[in-house]
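Since the structure comes first, as structure tokens, the remarks are kept for the end.
We did not get these values from a lab; they are worked out from the coordinates using the rules stated. What you see is a predicted model, and the numbers here were worked out from it, not measured in a lab. For neighbour counting, all protein chains shown are included, and Cβ atoms are generated from backbone atoms with ideal geometry for every residue, glycine included.
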Amino acid sequence: MKSIKLLFLLIITISTAYSMSIPSNTGEAQAQSSKYELKWPSSSSHIQDIFKTIEVEEKSQNSNHANNFLIFLLLFVASVVYANYYIHNHYSQDAANDLVGFPIQTFNAIFVFFLIYQLEFTSQQSQKLQEKSLARNLSLFTQQVVVDRWEDEAMQNPGLNDMYESIFSKSGGDNNNFYTEEEWEQLNIPVKYTPYKGNEEQWHYAAKFIQELVNIVRMFELEKKFQINNMEDLKKSTEGKFAGWITCFRMYLKDPIVRNVWEQYKFRHVNPKFSAWVQFYITDVIDNDPLFFNKHKDKWNKSIDRELNKKHK
């Protein structure tokens, strides 16, 4: 009877761990992210559909792991019950306690520590999923509000130009105008000054790009994949799956109007760390090497040749 009680205690412990493990990784995050659910415009709906598909696949994989664990649990319990029954009937209750009860007690103690670890791990995973979900929804939200509304409506309605300048120039200082040429020269940026007046349409286009740059970096966690002041990561920024994106960022910010907009708008995008990331991976790269794009093209062509000359094994 003692071994049977231990078995029931073991079953309860494992069942508790099972019920509190994998499903909570997504359930809590889903509940949290539902606060930010919006009806996205057509310009953002395709991106959202892609991420919903990814989330469904992740949940499906978690469900498969949970089912496998449950099957293992049932087989394990059945084996222990049979072993206890056999030893008890063919030898003695003491033998059953020694050969079955003690291992179960030991296993149960180990499993309690595992459960504590699993709860902590689950909590961390849930928090990471919440952060990812929030980053995705925040990017989609700003795509709708900033790109599709604020900048697009200002671009389509020139009568808003003075009001637009009065509002958005505040991020660069306490005045109602964007930088003057004299203020721009004081920044010591190797890019010519471009005023807002006379370039309003291009200015709004540049502002759209900058917000989309922010959204892309945030959605794909590029700040984590490419660390500030990490020279190895800087080298990798021209290679791999994100090389095209980062090259596009550098192409855009090489343009004088885009650079003028960025240097005045960066104070309202994400946080100072993000501005530092853009400086390290984008603006410093193109400012410090006037021949960067020629070198990038040559390096790209050499990489193409290496791929074409590879021999299949």
Ordering 147-154, 257-264, 173-180 by per-residue average of other C-beta atoms within 10 angstrom, highest first, gives 257-264, 147-154, 173-180
Heads up, the range 157-309 by the C-alpha gyration tensor (a ≥ b ≥ c square roots of eigenvalues; a/c under 1.5 rounded, else a/b over b/c prolate, else oblate) looks prolate
Ranked from fewest to most other Cβ atoms within 10 Å of their own Cβ, 251, 231 fall in the order 231, 251
The local net charge around residue 164, scoring Lys/Arg +1 and Asp/Glu -1 for residues other than residue 164 whose Cβ lies under 15 Å from its Cβ, equals -2
Counted neighbours (other Cβ, 10 Å), sorted fewest up, put 183, 221 in the order 221, 183
